Amino acid sequence: MNSERRKILLIEPPFYRLFKSRYSLDRFPLSLGYLAGAIRGSKRWDVMAYNADFHPRSELMKVGYLTGPGFENYLNSLKEPSGEIWSEVRSVLEEYTPSIVGISAKSQNFASARMVARLVKEMDERIVVVMGGPHPSMLGGKLLDYPEIDIVVRGEGEKTITELLAAIEKRDAFDDVRGISFRKGGRIVENPQREFIQDLDKLDFPHTIAPAVLRDYSSYPSSAFQFVFATRGCPYDCFFCGSRKIWSRKVRFRSVDNVIGEIESLRKLGLRYIHFDDDTFGVTKAYIRSLCNVLIERCPGLRWSCEVHGKLVDDEIMSLMKASGCYSVQIGIESGNNEILAAMKKNITIEEASAACEIIKKHGISVEAFFIVGFPQETEETLQDTVNAMKELHCDRLSYSIFTPYPGTEAYEFCKERGLIDERFDESLYYHQSPANCFCMNISPERFRVLAGRIERLVDRKNKLSRIKRIFSANVFKKIRERGIAESIKRGKKLLCGR
């Protein structure tokens, strides 16, 4: 291969920007960061990471817009690649002239990922298109039915991409590269699965390579780099989630010292807040204790947030998390009905979830509660139980999604077996806020849309009220504090004057 063409472009496809040009994913995707770090480590390829879903002057997203006029914009953007974002993608390709393009795809942005792949091939058919991420990991070689995709990477990509690049560079066959699917002699070859990386401490910190690889790095807010993975894998078995097929249920932990080292490095950049991006923070109470104790010792003043499973919540753990700087916790409650929770294998009851929220709040930590509506077994009665839980739950913010059966998950197979999905299933139409979503056996699509609309308005109202309360409380505290300072100054003057 010509050394002048030894360049790889890693792309996060646009999704939010298809709804509105200034809707934006204001973060450096960790997947691109880890891959870019592995490629730079080989010192044989130039790499650029391009988040095509980022806009430097981003606008606050509104759920109502995603389900309303934004949905039409989204569909039109996928039909005709003539919009602003697709022109930008073309410009980046022409400017960088890669010989390989790696695209990270989730189910909800797979249609966009395919559009990017088509634009690549239109520019130069010789460019090798490699697609990885959750969606390819779930479906493997099935994605090679699309001619614009040349190679599929399944599972963790850091070792796979470096081996694949070495094979391409030497013009070797791909037979020995584990974890990929490719075409050979008119047939699809599925190489054996790659083993998981056991020592996660060997991976580069994504933010450290961002200045060298991330397109428009200087335009990103510092908060774009606040996300940290401490673990890979999730021990739970939720019906709707694909994590166990991608990472497995066996959790791999980074050492506490390695995680703290990344956080200390982020703090040197001026970051005061970080978010643990793990599927489930900590996973075990022992790991949480170890991590929090070292955070207290080495990162005083840090503020951090995470998503935690209700089973891990107790007074001891929340007290320790609070002491180490935790200010906000996300918790997946999903439904207000215990039969639905059991059917989705959530491993928690609504009573336990509610009690967990009370404990978190008791320790002065903000709570964001995740809910999903529209499960296949849902009835109007179970939906009402969820509405009641949303109203009564002691939380600061609600996060609302509509059930989406992503291909490769247990939920997808369940829906397919019951005729809720057929061979015409188009994943581009379905995402967590899509007005097209309805996979209920007991509620018609028309009726579900009415009920979902009511729930959306409830969520918006509760979140707006919570935001007003937070602003009011902050202003009151500020006035009290300012008044207290003013009184102290006045008393000090009196003392100095001998009064």
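The values are calculated or read from the model by the stated rules, or taken from the named source; none is laboratory data. Being a predicted model, the structure only gives us computed values, none of them experimental. Note that each Cβ is placed from the backbone with ideal geometry, even for glycine, and that neighbours are counted across all protein chains shown.
For this structure, a couple of remarks:
- Gly374 closer than 22 Å to Asp237 by Cα and not charged (D, E, K, R): yes
- Listed by position, the helices (runs of 4 or more DSSP H) contained in segment 19-136 that have at least 2 residues being free of Cβ contacts under 8 Å to residues at least 24 places away in the same chain and more than 30 Å from His275 (Cβ to Cβ) are 69-79, 84-96.
- Of the candidates Ile468, Ile443, the single residue that is of a type outside the set (S, T, N, Q) and either under 15 Å from Ile372 (Cα atoms) or surrounded by 16 or more Cβ atoms within 10 Å (Cβ to Cβ) (or both) is Ile443.
- Matching residues in segment 311-334 - criterion: being touching a His at 6+ places or on another chain (Cβ under 7 Å) and buried (at least 21 other Cβ atoms within 10 Å of the Cβ): Met318
- Scanning segment 233-257 for residues that are at negative phi, touching a Lys or Arg at 6+ places or on another chain (Cβ under 8 Å) and not acidic (Asp, Glu) returns Cys234, Pro235, Tyr236, Cys238, Phe239, Trp247, Val251, Arg252.
- Residues that are out of contact with any strand residue (DSSP E or B) (no Cβ under 7 Å at 6 or more places or on another chain), closer than 22 Å to Arg171 by Cα and hydrophobic (A, V, I, L, M, F, W, C) within segment 1-57 comprise Met1, Ala38, listed in sequence order.
- If you go through segment 230-279 and keep only what is among the aromatic types (Phe, Trp, Tyr) and either assigned by TED's automatic domain parsing to the domain that holds Leu25 or over 21 Å from Met321 (Cβ atoms) (or both), you end up with Phe239, Phe240, Trp247.
- Candidate set: segment 406-425, residues that are on the phi < 0 side of the Ramachandran plot and in contact (Cβ under 8 Å) with a residue 60 or more places away in the chain; chosen: the one farthest from the chain's Cα centre (by Cα): Phe414
Yes/no matrix, rows are residues, columns are (1) touching a helix residue (DSSP H, G or I) at 6+ places or on another chain (Cβ under 8 Å); (2) over 26 Å from Asp279 (Cα atoms); (3) surrounded by 13 or more Cβ atoms within 10 Å (Cβ to Cβ):
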position	(1), (2), (3)
Glu148	yes, yes, yes
Gly155	yes, no, yes
Lys159	yes, no, yes
Leu164	no, yes, yes
Asp176	yes, yes, no
Gly179	yes, no, yes
Gln198	no, no, no
His207	yes, no, yes
Arg254	yes, no, yes
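- Residues within segment 24-46 that are more than 22 Å from Val152 (Cα to Cα) and modelled with pLDDT of 95 or more, tallied: 5
- Helices (runs of 4 or more DSSP H) wholly inside segment 302-404 that include at least 1 residues being over 25 Å from Ile455 (Cβ atoms), in contact (Cβ under 8 Å) with a residue 24 or more places away in the chain and not basic (Lys, Arg): 315-323, 350-362
- All positions within segment 209-221 that are out of contact with any helix residue (DSSP H, G or I) (no Cβ under 9 Å at 6 or more places or on another chain) and surrounded by 12 or more Cβ atoms within 10 Å (Cβ to Cβ): Asp216, Ser219
- Looking only at residues in segment 405-440 that are small (Gly, Ala, Ser) and in a loop (DSSP other than H, G, I, E, B), the one that is surrounded by the most Cβ atoms within 10 Å (Cβ to Cβ) is Gly408.
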